[in-house]
Amino acid sequence: MSDTLALLGGEKAVTSEQADMFKWPIVTKRHEQAVLEVLRAGQMSGLEITKEFEKEYARAIGRKYALAYNNGTAAILGAMYGLGIGLGHEVIVPSITYWASAAPAYTLGATPVFADVDPDTICIDPKDIEHRITPRTKAIVVVHYAGMPADMDAIMKIAGKHNLKILEDCSHAHGALYKGKEIGTFGDAAAFSLMTGKSLAVGEAGILFTDDREVYERALLFGHYIRHDEITLKELKPFAGLPCGGFKHRMHQLSSAFGLVQLELYPQQMAQIDRAMNYFCDLLDGSAGIRPIRPPSCFRKKAGGTNTTKGAWYLPLFKYVTEELEGLSLSRFSEAVRAEGSICDPGCNKPLHVHPLFTTMDVYGHGRPTRIAYLDESTKIEHYVERLPVAESINRRVFQVPWFKHYRPKIIQEHADAYKKVISDYRELLADDTDRGAEAGGYTTFFSSRDTT
Ligand SMILES: *Cc1c(COP(=O)(O)O)cnc(C)c1O
């Protein structure tokens with residue numbers, strides 16, 4: 001390895017052929033065969049394969065009811081309706097997440113209330129929830145952000161005390177464990193995106209889980225009119241036949257067929273990724289200026305009730321501690337790491353609470369911001385404009401590292417070397433560091449430059 005930073009004319013640290021190191025999802029002959037069978041049978045819009053997918057997935061995570069959707073956003077909307085979220089309700093949501101954790105509340109006449117995130121996990125901060133609860137609060141949306149399980153003990157305690165529903169948004173954390181228990185099995189309902197970029201990737205798709213028959217049947221009524229024959233509850237039966245609210249959210253059977261194969265292969269793929277990512281983190285643990293975001297070592301790979309994992313590490317993030325590198329900007333740091341041939345993308349999801357959709361926009365023509373449109377006329381928007389210091393600064397303090405899909409130590413070491421080289425020579429980057437505080441992060445789902453190729 002050359003000593004000079006590649007950004008300053010030296011040789012790159014990453015020299016190996018990367019091959020399929022970042023390719024995702026891993027499409028096998030079995031996937032192709034499964035999809036082709038559906039195509040040839042002309043069953044793209046049927047239900048049979050989708051119901052089988054639901055059954056297998058519910059069995060895999062240990063939940064009673066599963067309902068498959070055309071995407072994760074629809075699954076969240078359906079789950080919110082299922083939980084009884086409606087006109088005038090408030091829903092507490094972390095500000096750092098994909099917009100679909102919050103925005104569907106508008107469709108139901110509810111108001112999202114944003115909470116800050118914990119800087120160590122980037123999941124909702126349990127200490128920032130309770131003072132936001134009002135008589136209108138109906139539910140807490142918990143996002144296991146970037147694969148990291150949220151602090152469920154603390155959150156469940158708050159929800160129990162105030163009689164609130166919990167909706168887990170598991171779109172980043174398929175297969176992750178919190179103290180030995182699979183995420184998606186804590187809340188009154190859980191919703192997962194299964195879109196192509198996510199950990200368990202099957203295409204444009206989503207899924208809802210619950211153990212509560214009423215939640216399941218309300219969700220059926222709302223977005224799955226063709227399955228209204230499954231509705232048994234007296235109070236819902238009279239409305240069967242047409243989708244209340246006017247939505248049709250059925251999953252595409254090409255995705256269901258792909259998903260059935262993926263469900264079988266996922267545990268092995270997840271284990272490889274977990275091993276590869278933990279190896280990468282181990283190599284960099286203790287390096288100045290950076291901190292892997294992962295469960296503390298006392299909770300990793302322990303048998304029984306304490307094992308906490310990140311599943312397949314969707315959106316793998318590290319914290320950046322600029323103070324340890326004499327204030328070197330994250331943008332300059334990441335430029336130098338990328339020049340070494342590795343991946344280093346500053347930022348994560350941008351905070352939702354400051355976007356005009358949640359501050360000023362009148363989406364449906366109520367004559368005032370949608371955020372307060374369903375509340376008492378005297379309600380002022382100022383009352384709902386939060387200041388969330390962690391959420392507002394997090395994009396300058398985290399970056400995305402390579403998302404390895406295979407445990408190949410030599411390649412992983414080269415990437416770790418790229419980071420180590422930049423950290424050991426950081427002083428050489430201070431002189432031309434003019435890019436302090438540049439905008440990072442985005443509102444879209446995250447793909448690192450290499451993941452899409
Ligand atoms: C991707 C995502 C969703 C929405 O899923 P789609 O399948 O893209 O509609 C919801 N929540 C989070 C946290 C996500 O990352």
What is the stretch 29-259 by shape, rounded, prolate or oblate, if you read a ≥ b ≥ c off the alpha carbon gyration tensor as root eigenvalues and call it rounded for a/c under 1.5, prolate for a/b larger than b/c, and oblate otherwise?
-> oblate
Can you list the residues, at least 5 places off or on another chain, whose amide H is less than 5 Å from the amide H of Val142, using H built in the peptide plane?
-> Leu167, Glu168, Asp169
For peptides 308-315, 124-131, sequence by mean Cβ density within 10 Å, most packed first = 308-315, 124-131
Would you kindly derive the ³J(HN,Hα) couplings of the stretch 255-270 from the backbone phi angles with the Karplus curve 6.51 cos²θ - 1.76 cosθ + 1.60 (θ = phi - 60°), listing them in order in whole Hz, with x for Gly and Pro?
-> 5, 4, 5, 4, x, 4, 5, 4, 4, 6, 8, 4, x, 5, 5, 4
Multiply the residue gap between Ala431 and Leu265 by 0.36 nm, knock off their C-alpha separation, and tell me the result in nm, one decimal place.
-> 54.9 nm
Multiply the residue gap between Ala60 and Ile26 by 0.36 nm, knock off their C-alpha separation, and tell me the result in nm, one decimal place.
-> 10.2 nm
Which FRET efficiency, nearest 0.05, do Thr134 and Ala154 yield, Cβ-Cβ r, R0 22 Å?
-> 0.65
Karplus-derived 3J(HN,Hα), 6.51/-1.76/1.60, for each residue of the stretch 228-237, Hz, glycine and proline x | 5, 5, 7, 6, 10, 6, 3, 6, 9, 3
Mean ellipticity per residue at 222 nm, deg cm²/dmol - from DSSP H runs of n ≥ 4 across the chain, formula -39500 (n - 2.57) = -9000 deg cm²/dmol
So Cys298 and Val354, fully extended at 0.36 nm per residue minus their Cα-Cα distance, gain in nm 16.5 nm
Given R₀ = 51 Å, FRET efficiency for Leu87-Asp3 by Cβ-Cβ distance, to 0.05?
-> 0.20
Arg368 paired with Thr322, simple spin-label distance in nm, labels 7 Å along Cα-to-beta-carbon = 3.9
How big is the gap, in Å, between the Cα center of the stretch 128-207 and the Cα center of the stretch 80-105?
-> 12
What is the chain by shape, rounded, prolate or oblate, if you read a ≥ b ≥ c off the alpha carbon gyration tensor as root eigenvalues and call it rounded for a/c under 1.5, prolate for a/b larger than b/c, and oblate otherwise?
-> oblate
About its Cα centre, how strong a charge dipole does the stretch 29-259 have in debye, to the nearest 20, once Lys and Arg get +1 and Asp and Glu get -1 at the Cβ?
-> 480
Fraction of alpha-carbon pairs over 23 Å apart in the stretch 36-146 - percent | 43
Would you mind getting me the FRET efficiency between Ser45 and Met361? Use the beta-carbon distance for r and R0 = 35 Å, nearest 0.05.
-> 0.50
Show the residues, 5+ positions off or on another chain, whose built amide H is closer than 5 Å to the amide H of Ile290.
-> Val321
When only the heavy atoms of the protein chains count and the probe is 1.4 Å, how do Phe399, Phe247 rank by accessible area, highest first?
-> Phe247, Phe399
Inter-part gap, Cα centre of the stretch 412-428 to Cα centre of the stretch 265-332, in whole angstrom, is 17
The distance between the Cα centres of the stretch 1-47 and the stretch 57-75, in whole Å, is 26
Degrees separating the helix 330-339 axis from the principal Cα axis of the chain, which is the longest one | 70
For labels at Leu242 and Thr306 in the simple 7 Å Cα→Cβ model, what's the distance in nm?
-> 5.8
In the stretch 1-63, which GluC sites (Glu not before Pro) are in a loop and have at most 14 other Cβ atoms within 10 Å, using DSSP for the loop call?
-> Glu11, Glu17
Where the chain is the region considered: accessible area per residue in Å², 1.4 Å probe = 41
Which angle from 0 to 90°, rounded to the nearest 10, does the C-alpha axis of helix 48-61 make with the longest principal axis of the chain?
-> 60
Report, to the nearest whole %, how much of the accessible area of the stretch 29-259 belongs to carbon and sulfur atoms, 1.4 Å probe, protein only.
-> 53
For the stretch 228-322, which GluC sites (Glu not before Pro) are both in a DSSP coil and crowded by at most 11 other Cβ atoms within 10 Å?
-> Glu235
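The values are calculated or read from the model by the stated rules, or taken from the named source; none is laboratory data. These numbers were taken from a predicted model, which means no experiment stands behind them. Neighbour counts are summed over all protein chains in view; Cβ atoms, including those assigned to glycine, are modelled from backbone coordinates with ideal geometry. Areas reflect the complete protein model, heavy atoms only, side chains present, ligands, DNA and RNA absent. Shrake-Rupley method; radii C 1.70, N 1.55, O 1.52, S 1.80 Å.
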